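Undergrad: Please see the structure below; I have some questions.
None of the figures in this text is laboratory data; all of them are computed from the coordinates on show. Being a predicted model, the structure only gives us computed values, none of them experimental. Backbone-built Cβ (ideal geometry, glycine too); neighbour counts: all protein chains shown.
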Amino acid sequence: MVVIRLSRGGSKKRPFYNIVVAEQKNRRDGRFLERVGFYNPLASGNAESLRIAFDRVDHWVGNGAQASDTVARLIRDAKAKAVAA
């Protein structure tokens, strides 16, 4: 099964997450099929904290990929923010 999930990067106490499409059997930070965005929970000031390629997410979901709970929330919030802007 193909999933859209977060892959952790960054250093200790400074998380940075890539939003990736990967096979479910692969490790969290391991092999992935495509990187579709990033999430930086500690972004400060006017630094970008979230970027998602909606066209690629829609492509993968249309082909049967399932988003994790956290990624589904991030996508939902980002779409709502994009519509409001």
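Undergrad: Which value, in debye to the nearest 20, gives the size of the charge dipole of the chain about its Cα centre, when Lys and Arg are +1 and Asp and Glu are -1 at the Cβ? Could the numbers behind the result be given before it?
TA: Working: 16 positive and 8 negative charges, 86 e Å.
With only Lys, Arg, Asp and Glu charged at Cβ, the dipole is about 420 debye.
Undergrad: When the Karplus curve 6.51 cos²θ - 1.76 cosθ + 1.60 is applied with θ = phi - 60°, which whole-Hz ³J(HN,Hα) does each residue of segment 56-68 get, with x for Gly and Pro?
TA: Listing the rounded values in order: 6, 5, 4, 4, 5, 5, x, 9, x, 6, 10, 7, 5 Hz.
Undergrad: Using the Cα gyration tensor of the chain, with a ≥ b ≥ c the square roots of its eigenvalues, what is the shape: rounded (a/c below 1.5), prolate (a/b larger than b/c) or oblate (neither)? Please report the intermediate quantities before stating the final value.
TA: Details: a/c = 2.34, a/b = 1.13, b/c = 2.07.
Judged from the Cα gyration tensor, the chain comes out oblate (a/c at least 1.5, b/c at or above a/b).
Undergrad: Whole-Hz ³J(HN,Hα) for each residue in segment 22-37, computed from phi via Karplus 6.51 cos²θ - 1.76 cosθ + 1.60 with θ = phi - 60°, x for glycine and proline: what do you get?
TA: Karplus-based 3J(HN,Hα) across segment 22-37 equals 8, 5, 5, 6, 6, 5, 4, 9, x, 5, 9, 8, 7, 9, 10, x Hz.
Undergrad: Non-local amide H neighbours of residue 33 (under 5 Å, H modeled in plane, Pro and chain starts lacking H): which ones?
TA: HN-HN under 5 Å from residue 33: 21, 22, 23.
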